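Below you'll find the structure, written out as structure tokens, and then a few comments.
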Amino acid sequence: DGGITQSPKYLFRKEGQNVTLSCEQNLNHDAMYWYRQDPGQGLRLIYYSQIVNDFQKGDIAEGYSVSREKKESFPLTVTSAQKNPTAFYLCASSPIQGSNQPQHFGDGTRLSIL
Amino acid sequence: KNQVEQSPQSLIILEGKNCTLQCNYTVSPFSNLRWYKQDTGRGPVSLTIMTFSENTKSNGRYTATLDADTKQSSLHITASQLSDSASYICVVRGSMNSGYSTLTFGKGTMLLVSP
């Protein structure tokens, strides 16, 4: 079945540590996105990518980094510079950015601080 | 500033009853509005999309309405089931900005269907 796979489901970060969240899609979508979801808040865009080897900052990119070396993969690194990383992270994809096609979401990674 | 406001924040209804969720937005210019359902601990799943010219659209027991003049949308759930318990998120697509068509997410309405 086609879809988006995020791993791990749960992740714990120690002080000063970088952690990487995985996102893989087999939908052949060009565009991919990373969102952060906090309790009582709407989803906020961290980074997005429209094609391989290209990505753009979203509304809250500070303390995060991404890469897009393959069409299927869009990993997110939460760096030690992100002082409040505890949140639910959602990866999404769509055929092209800005179309009427829905974004398809993965089932998220919940990141917590040890 | 683009904003999407949803009400109520949370709602409890008995199984089999109907309910209506509201979404007001200030996004301009408007492209489309989409309702998502998000089960606890899962990613959102699209229920329906409303474009400027559409007033009503149904997807099974879900019926969405759009009034583009007053910038309001509603999601009506008929004959609720326990599996309808979830957060319902309203998302509005707005203008192009440096090649990116903006999405503004509401905070969601948490619905609990009680047996």
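The values are calculated or read from the model by the stated rules, or taken from the named source; none is laboratory data. Keep in mind that what you see is a predicted model, and the values were worked out from it rather than measured. Neighbour counts run over all protein chains shown; Cβ positions are idealised from the backbone, glycine included. Remember, those area values only see protein heavy atoms, side chains included, never the ligands or the DNA or RNA. Shrake-Rupley method; radii C 1.70, N 1.55, O 1.52, S 1.80 Å.
Before moving on, here are some points about what is shown:
- Counting, for every residue in B:103-109, the Cβ atoms of other protein chains within 10 Å of its Cβ and taking the mean gives 5.
- Counting, for every residue in B:33-40, the Cβ atoms of other protein chains within 10 Å of its Cβ and taking the mean gives 2.
- The magnitude of the dipole of chain B, with charges of +1 and -1 set on the Cβ of Lys/Arg and Asp/Glu and taken from the Cα centre, is near 180 debye.
- Rounded to the nearest 100, the interface formed by chains A and B buries 1700 square angstrom of accessible surface, both chains summed, with a 1.4 Å probe.
- Across peptide A:70-83, the mean count of Cβ atoms from other chains lying within 10 Å of each residue's own Cβ comes to 0.
- For the protein assembly as shown: accessible area per residue (Å², 1.4 Å): 49
- Under the combined filter of DSSP loop state and at most 12 neighbouring Cβ atoms within 10 Å, the range B:1-88 retains these chymotrypsin sites (Phe, Trp or Tyr not before Pro): B:Phe52.
- For the protein assembly as shown, the dipole from Cβ point charges (+1 on Lys and Arg, -1 on Asp and Glu) about the Cα centre works out to 300 debye, to the nearest 20.
- Farthest toward positive dipole pole in the range B:1-93 [+1 Lys/Arg, -1 Asp/Glu at C-beta], among B:Asn2, B:Gly60, B:Cys23: B:Asn2
- Carbon + sulfur, % of accessible area of chain A - ligands and nucleic acids excluded, 1.4 Å: 46
- Backbone N under 19 Å from the A:Thr77 label point (7 Å along Cα→Cβ), restricted to the range A:42-66: A:46-49, A:52-58, A:60-66
- Projected-area average for the range A:9-84 over all orientations - Cα convex hull basis, square nanometres: 5.4
- 10 Å beta-carbon shell around A:Glu24, net charge (K/R +1, D/E -1): 0
- Cα gyration tensor shape of chain B, rounded if a/c is under 1.5, else prolate or oblate by comparing a/b with b/c: prolate
- If you look at the Cα atoms of the protein assembly as shown, you get an Rg and a Dmax of 17.7, 51 Å.
- The share of accessible area on chain B that comes from carbon and sulfur is 50 percent, using a 1.4 angstrom probe.
- Net charge in the neighbourhood of B:Val91 (other residues with Cβ under 13 Å of its Cβ; Lys, Arg +1, Asp, Glu -1) is +4.
- Net charge of the neighbourhood of B:Gln22, taken over other residues with C-beta under 12 Å away and scored Lys/Arg +1, Asp/Glu -1, is -1.
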